[in-house]
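Here's the structure, in structure tokens; my notes come after.
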Amino acid sequence: MALTNRDKLHRIERENSQVPTFGKFHLRGLLTMNTDKGKKGVYIAEYATGGDPSLPIAIAIYGVTEVNNGDEVGYDKAFDYRTVKKPAFSDKTILGSLKAQELGSSNTQVSTVKEYLPPKFITTIEEGTDTFTGKQGQGFYEEEPTSYDIRNHSYTKGNKTGVFLGLDSFKWGDAQFRMPEMRDFAQQLGDDDVEFF
């Protein structure tokens, strides 16, 4: 019976317990709250594991937009729709330029683009006691929203609100990894048999 790629990795780990395990995962979680009108999305959090263990882990906190998918209500990071106007025909070629001249001012194509909003705030994960559940563990202090000045490429962090949210209060999706990071990790192990990447 042929070994699958997963079996190969498990075999390598079993044969040599000194082999480091891949630890760079990207996690996304949702914090909801029960209200008079039902469940409401409060925050979506994203952070990555791995990296330098002596440095704090940063976590980005986003607002939530409810998305109706027929009978179900889903949640996505906060976004807006923006109207984008662009020429229907490019003037960078002879044919495109001819068509653009023919259409004149009506050479415009209008489309709507979904644009995600920046995080409400970015902070670090630390130990604490959840303000609402009383559970101790890893989490973060809520902050007032960060204000962004796009023109000057600057931002102003908000003050801490005093609320500590434990990571256990979020419903976390499956951990994701990025293929280039996994490939780099496998190559660091010195395994020449990385054709499955």
*Please label the shape of the range 21-92 as rounded, prolate or oblate, based on the square roots a ≥ b ≥ c of the eigenvalues of the alpha-carbon gyration tensor (a/c under 1.5 means rounded; beyond that, a/b larger than b/c means prolate, else oblate).*
oblate
*asked:* Give me the net charge for the shell around Asp76: Cβ to Cβ below 11 angstrom, other residues only, Lys and Arg +1, Asp and Glu -1.
replied: +2
*For Val64, distant residues with modelled amide H under 5 Å away*: Ala78
*What is the fewest-to-most order of Arg178, Arg151 by other Cβ atoms lying within 10 Å of their Cβ?*
Arg151, Arg178
*Amide H of Ile59: which non-local residues (sequence gap of 5 or more, or other chain) have their own amide H closer than 5 Å, using H built in the peptide plane?*
Thr123, Thr124, Ile125
_Residues His153, His26, sorted so that the one with the fewest Cβ neighbours within 10 Å comes first_ = His153, His26
*Filter the trypsin sites (Lys or Arg not before Pro) in the range 74-135 down to the DSSP loop ones having no more than 11 other Cβ atoms within 10 Å, then list what survives.*
Lys92
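What ranking do Leu95, Leu167 get, fewest neighbouring Cβ atoms within 10 angstrom at the top?
If I rank by nearby Cβ atoms, fewest first, I get Leu95, Leu167.
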*the range 38-135 - Kirkwood radius from inverse mean 1/r over Cα pairs (Å)*: 18.2
*the range 81-178 - Rg over Rh from alpha carbon coordinates, Kirkwood radius*: 1.30
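A short reminder: the numbers here are calculations on the coordinates, not readings from a lab. Since we're looking at a predicted model, the values are computed, not measured. Every residue, glycine among them, receives a Cβ derived from its backbone with ideal geometry; neighbour counts consider all protein chains shown.
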